[in-house]
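Asks: Below is a structure I'd like to ask you about.
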Amino acid sequence: QVQLAESGGGLVQPGGSLRLSCAASGFAVSVVAMSWYRQVPGKERELVASSPTWGRMPNYTDSVKGRFTISRDNAKNTVYLQMNNLKPEDTAAYYCNGNIRGINYWGQGTQVTVSS
């Protein structure tokens, strides 16, 4: 069964860093387009970072360019989102996404709160 499990969220001060992890099972992340989204209650889910397939250039939404990095560890079958220089507007629930045969699979989400 396809499963995604995010972890690594928490409360950090502005300017701090977090690394989110997305542990996958039931498929190999090396051959699947993986993405990170975030969502604030009452607002639409926003695409933050995407890695179409292994070996392809990642894409980022403008607001996180230069601060966030999406990466894969194929041996661990895990996708990461390194977040540096965090800002209050980054506060959201972050979700891992995998697109398999045109179907989107989601993790349960992990909360990131950036506050003084």
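Each value in this text was obtained by applying a stated rule to the coordinates, not by laboratory testing. Note that the structure is predicted; figures quoted are calculated from it, not measured. Cβ: placed from backbone, ideal geometry, glycine included. Neighbour counts: every protein chain shown.
Asks: Between the stretch 35-50 and the stretch 56-116, what is the separation of their alpha carbon centroids in Å?
Replies: 9
Asks: Based on the inverse mean of 1/r over its pairs of different Cα atoms, what is the Kirkwood hydrodynamic radius of the chain, in Å? Write out the running numbers ahead of the final one.
Replies: Values: mean 1/r = 0.0711 Å⁻¹.
Its Kirkwood hydrodynamic radius stands at 14.1 Å.
Asks: Continuing with this model, one more query. Can you work out the FRET efficiency for the pair Thr53 and Ala75, with r the C-beta to C-beta distance and R0 = 22 Å, to the nearest 0.05? If you can, show how the numbers build up before the last one.
Replies: Details: r = 17 Å, r/R0 = 0.78.
So, using R0 = 22 Å, E works out to roughly 0.80.
Asks: Follow-up question, since we're still on this one. Distance in nm between label sites at Thr113 and Asp62, each 7 Å beyond Cα in the beta-carbon direction?
Replies: For the pair Thr113/Asp62, the computed spacing is 3.1 nm.
Asks: Over all distinct Cα pairs, what is the inverse of the mean 1/r for the stretch 54-94, reported as the Kirkwood hydrodynamic radius in Å? Write down the numbers at each step before the final one.
Replies: On the way: mean 1/r = 0.0858 Å⁻¹.
11.6 Å is the Kirkwood radius here.
Asks: In addition: Taking 0.36 nm per residue of sequence separation and subtracting the Cα-Cα distance, how much length would be gained by fully extending the chain between Gln1 and Ser25, in nm to one decimal? Don't skip to the answer; put the middle values down first.
Replies: Numbers: separation 24, 0.36 × 24 = 8.64 nm, distance 0.71 nm.
Working it through step by step, the gained length comes to 7.9 nm.
Asks: Still on this structure, I have one more. Could you work out the relative contact order of the chain? I mean the mean sequence separation of Cα pairs under 8 Å and 6+ apart, divided by the number of residues, in percent. Please list the in-between numbers first.
Replies: Working: 291 pairs, mean separation 42.3, N = 116.
Rounded, it is 36 percent for the chain.
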